[in-house]
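Taking it in order: structure first as structure tokens, then the write-up.
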Amino acid sequence: MKDKKLIFLGATGFFVLLFAVAAFVYNNAKNDGIEALAKENMKVFVPEHSPRIGQEDAKVYITEYLDPECEACRALAPAVKNILKEFEGKVQLVIRYAPFHKNSKTAIRALEAARLQGKYAEALDMLFHYQPYWGNHHNPKPELIFDYLLQMGLDLEKLKADMNKPEIDYIINQDEQDLKTLNIRGTPTFFVNGKPLAEFGIPYLRDLVEKEVAKYY
């Protein structure tokens, strides 16, 4: 029993540290010109090439710069989905990529190839679910990604071929360029209609979403 308590406390401490680090990185990545940039160039936050989840004509956009191999992105994914559900029909999630980890681009290519088969959101959920196995930083096994996506009924041969399409190269390259424009150094990083969060965290994300929703609905 004592061993179990130690394991639990250790895991809890890990996530507290994880979010503390994410908060520090987030706050250091913000700059005063971001909102001005949103007014001048909204494509940095809502480009045509990015995958979207939620109502297509929703007027409030959550832009999330994420890394499929990022533990914090995985941990916060359910809370982001809850916000989309709470404001259903009024908010959509726009996903931008921040491939900071070693196997991130392999996962991103697989996700984009799954999008071509109409199963992007399901594929993202699947990769987050199994991230501790394929994306373990001590013993990564990116080849497992294909086993997990095969469970979804995807055409695996087509998926592997599509992963090398130049359109996917463009998406990754453009997202990396916009990372530099926004000086983003950590994931996940959120914006709502181009506005940065006051502080890092789901409560701050939800508050900003609520304020933006009130402007349009």
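The values are calculated or read from the model by the stated rules, or taken from the named source; none is laboratory data. The structure presented is a predicted model; accordingly, all values stated were derived computationally and were not measured. Here Cβ is always computed from backbone atoms with ideal geometry, including for glycine, and neighbour counts include all displayed protein chains. Ligands, DNA and RNA are excluded from the accessible area calculation, which covers all protein heavy atoms including side chains. Shrake-Rupley method; radii C 1.70, N 1.55, O 1.52, S 1.80 Å.
Does His101 count as open to solvent by 70 Å² or more (accessible area, probe 1.4 Å) and either hydrophobic (A, V, I, L, M, F, W, C) or out of contact with any Ser or Thr (no Cβ under 8 Å at 6 or more places or on another chain) (or both)? It is false that His101 is open to solvent by 70 Å² or more (accessible area, probe 1.4 Å) and either hydrophobic (A, V, I, L, M, F, W, C) or out of contact with any Ser or Thr (no Cβ under 8 Å at 6 or more places or on another chain) (or both). Report, by residue number, each residue of region 126-137 that is open to solvent by 40 Å² or more (accessible area, probe 1.4 Å) and closer than 14 Å to Leu150 by Cα. Within region 126-137, just Tyr130 meets the criteria. If you filter region 46-72 down to residues that are within 20 Å of Tyr204 (Cα to Cα) and of a type in the set (D, E, K, R), you find that the one that is least open to solvent (accessible area, probe 1.4 Å) is Glu64. With respect to the conditions (1) part of a helix (DSSP H, G or I); (2) at pLDDT 95 or above; (3) charged (D, E, K, R), Lys43 lacks only one, and its number is (2).
Contact annotation: residue pairs with Cβ atoms under 7 Å, 6 or more positions apart or on different chains, pairing a residue in region 94-110 that is part of a helix (DSSP H, G or I) with a partner that is among the aromatic types (Phe, Trp, Tyr), are Ile108/Tyr97.
How many residues are open to solvent by less than 10 Å² (accessible area, probe 1.4 Å) and closer than 29 Å to Asn164 by Cβ when one looks only at region 73-91?
Filtering region 73-91 for residues open to solvent by less than 10 Å² (accessible area, probe 1.4 Å) gives 73, 80, 83, 91.
Now restrict to residues that are closer than 29 Å to Asn164 by Cβ: 73.
Residues meeting the conditions: 1.
When Asp147, Asp67 are screened for being modelled with pLDDT of 95 or more and touching a His at 6+ places or on another chain (Cβ under 9 Å), only Asp67 passes.
Just to be sure before I move on: is Ile145 under 21 Å from Asn183 (Cα atoms) and open to solvent by less than 50 Å² (accessible area, probe 1.4 Å) in the structure I sent? Don't jump to the end; show me each part of the working.
Working: under 21 Å from Asn183 (Cα atoms): no; open to solvent by less than 50 Å² (accessible area, probe 1.4 Å): yes.
No.
Scanning region 113-154 for residues that are part of a loop (DSSP other than H, G, I, E, B), touching a Pro at 6+ places or on another chain (Cβ under 8 Å) and polar (S, T, N, Q) returns no hits.
Residues that are of a type outside the set (S, T, N, Q) and within 20 Å of Leu76 (Cα to Cα) within region 180-193 comprise Ile184, Arg185, Gly186, Pro188, Phe190, Phe191, Val192, listed in sequence order. Answer yes if at least one residue in region 177-188 is under 14 Å from the mean Cα position of the chain (by Cα), closer than 22 Å to Ile83 by Cβ and not in a loop (DSSP other than H, G, I, E, B), and no otherwise. No: region 177-188 contains no residue that is under 14 Å from the mean Cα position of the chain (by Cα), closer than 22 Å to Ile83 by Cβ and not in a loop (DSSP other than H, G, I, E, B). Pairs, please: C-beta under 8 Å, at least 6 apart or cross-chain, first residue touching a residue at least 60 places away in the same chain (Cβ under 8 Å) and in region 47-58, second open to solvent by 50 Å² or more (accessible area, probe 1.4 Å)? Matching pairs, first to second residue: His49/Glu167; His49/Tyr170; Pro51/Arg115. Among the residues of region 185-196, are any charged (D, E, K, R) and either under 24 Å from Phe45 (Cβ atoms) or exposed (fewer than 13 other Cβ atoms within 10 Å of the Cβ) (or both)? There is at least one residue in region 185-196 that is charged (D, E, K, R) and either under 24 Å from Phe45 (Cβ atoms) or exposed (fewer than 13 other Cβ atoms within 10 Å of the Cβ) (or both).
For Glu157, are the conditions met, namely being in a helix (DSSP H, G or I) and either modelled with pLDDT of 95 or more or buried (at least 17 other Cβ atoms within 10 Å of the Cβ) (or both)?
Details: in a helix (DSSP H, G or I): yes; either modelled with pLDDT of 95 or more or buried (at least 17 other Cβ atoms within 10 Å of the Cβ) (or both): yes.
Yes: the conditions hold for Glu157.
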